[in-house]
Amino acid sequence: GHSVAQSKNMADATAKVVDEEVRRIVEDAYARAKKILIAKAKDLETLAQALLEYETLNGNEINDLIAGKPLERDKVKAKAKAKAAGKKPAASLPPTDTGLEPGLV
């Protein structure tokens with residue numbers, strides 16, 4: 001059909017041919033996009049989960065995720081966590097031996 005705003009510059013037969021070609025192009029593009037999304041569903045899910053966790057990803061991070069590599073952010077977190085786990089926790093209570101007699105403390 002014709003667009004409401006379109007003037008009658010082409011014959012109905014020509015408009016029909018144009019409409020059919022546009023429909024074919026759109027349907028082909030839709031089918032191709034759907035096929036790609038289905039084929040790349042795992043990558044799409046990986047990226048979606050990373051975006052939920054980090055909110056933003058740069059190009060290198062996207063490439064790493066799709067290649068199955070851990071993000072550099074995760075490596076930094078893991079090192080910090082391991083370093084923190086290796087340290088002794090700070091004492092939260094003062095020493096109990098004050099040198100004073102019991103009951104005077």
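The values are calculated or read from the model by the stated rules, or taken from the named source; none is laboratory data. Note that the coordinates shown come from a computational prediction; the quantities given were computed from them, not determined experimentally. Quick reminder, even Gly has a Cβ in these numbers, built from the backbone with ideal geometry, and neighbours come from all protein chains shown. Only protein heavy atoms, including side chains, enter the accessible area calculation; ligands, DNA and RNA are left aside. Shrake-Rupley method; radii C 1.70, N 1.55, O 1.52, S 1.80 Å.
Odds and ends about this structure:
Condition check ((1) open to solvent by less than 100 Å² (accessible area, probe 1.4 Å); (2) farther than 30 Å from Lys42 by Cα; (3) modelled with pLDDT of 85 or more) across all residues:
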| position | (1), (2), (3) |
| --- | --- |
| Ile62 | yes, no, yes |
| Lys83 | no, yes, no |
| Gly86 | yes, yes, no |
| Pro89 | no, yes, no |
| Pro102 | no, yes, no |
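- Condition broken by Lys75, with the remaining ones in (1) modelled with pLDDT of 90 or more; (2) surrounded by 11 or more Cβ atoms within 10 Å (Cβ to Cβ) satisfied: (1)
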